[in-house]
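Below is one structure, written out as structure tokens; the observations come after it.
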Amino acid sequence: MKKTTYFLFLIVPMILVVGALLLPLVGSLLPTFLQPSEYVRFFQDEYNRTIFYRSIRLSLITTVLCILLGLPTSYWLSLLSEKKRRLLNSLILFPLLTNAVVRGFAWITILSKNGIINQALKAIHLPTIQLLYTDAAIVIGSVYLFLPVMVNTLSPVMENIGSETIEAAHTLGAKPVVVFLKVVLPLSFSGLLIAGVMVFAGSISAYTTPTLLGGNKKMMLASLLYQQTNALSNWDAASRIAFIMLICSLGVQKLFSIISKKVDRREAQNV
């Protein structure tokens, strides 16, 4: 009876997931499988290849930077008292409450030719630099956009490690850097896997921030997809681009899984 009751409770969510998520996804991607030669044509076009490689490169750079910045930050937050940790987590998540367009224009104000950075360079008699509409601008905006996601995902993982484990490592004579690399990093790798995939998938599919900071000269896959749908009404091409973005995200997830398994195997051998 209990199993029947549980199944009845699951019917409605399953119908919603299949009807609202799976069927539209299959309906969008199915036409692309009927024309596999179109994928070859897509990558034969130098313009498309440039956008594809740029999207992969900048998304990976964004993911790595978010990991390098978010991992020690979340570890430091886990060492604070609960009251301070809640306050700082709220401040970290605050940018997510702001519209992406507003954040994009804020970065335009900072990175533009007459922005804050170039004004500061002029003040100290240094030459100005071109920051806006560059790859660097897209990376800066993307890191600002997804770093809170990285920290927010890793913070619970860090808190679950437990102060006893860290204290035991210190008692055995391990220095703080060794504790972080040999204890905290391996134990937090499962959360790091999830956070890294989330950041990469968000970076490669982001539209507003890369479009505002990169412009038409530094177009990403999401911008190309938008162009194919809204400007050209080429839904088949848009479906192919969406499928390529999905495959890239799954590929990065697989890569992180392989790295995670190697780390776990290495730690087991050391033990």
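The values are calculated or read from the model by the stated rules, or taken from the named source; none is laboratory data. Predicted, not measured: the structure shown is a model, and the values here were computed from it. For neighbour counting, all protein chains shown are included, and Cβ atoms are generated from backbone atoms with ideal geometry for every residue, glycine included. Just the protein is used for accessible areas: all its heavy atoms, side chains included, with ligands, DNA and RNA removed. Shrake-Rupley method; radii C 1.70, N 1.55, O 1.52, S 1.80 Å.
Screening LEU255 against (1) out of contact with any Gly (no Cβ under 7 Å at 6 or more places or on another chain); (2) surrounded by 15 or more Cβ atoms within 10 Å (Cβ to Cβ); (3) touching a residue at least 12 places away in the same chain (Cβ under 8 Å) leaves a single unmet condition, (3). Taken over region 1-17, the criterion of being open to solvent by less than 100 Å² (accessible area, probe 1.4 Å) and at pLDDT below 75 is satisfied by THR4, THR5.
Residues satisfying the criterion are absent from region 147-164 (criterion: open to solvent by 50 Å² or more (accessible area, probe 1.4 Å) and among the aliphatic types (A, V, I, L, M)). Of the helices (runs of 4 or more DSSP H) lying entirely inside region 7-122, those containing at least 1 residues that are farther than 17 Å from PRO210 by Cβ and aromatic (Phe, Trp, Tyr) span 23-33, 37-44, 46-78. Considering only region 138-154, I want to know if a residue exists there that is under 16 Å from the mean Cα position of the chain (by Cα) and among the small types (Gly, Ala, Ser). Yes, region 138-154 contains a residue that is under 16 Å from the mean Cα position of the chain (by Cα) and among the small types (Gly, Ala, Ser). Is it the case that region 39-62 has a residue that's of a type in the set (Phe, Trp, Tyr), within 28 Å of VAL179 (Cβ to Cβ) and at pLDDT 85 or above? Scanning region 39-62, I find no residue that is of a type in the set (Phe, Trp, Tyr), within 28 Å of VAL179 (Cβ to Cβ) and at pLDDT 85 or above, so the answer is no. Within region 182-236, the set of residues being modelled with pLDDT of 90 or more, in a loop (DSSP other than H, G, I, E, B) and either in contact with a Gly (Cβ under 8 Å, 6 or more places away or on another chain) or open to solvent by 20 Å² or more (accessible area, probe 1.4 Å) (or both) comprises TYR207, MET220.
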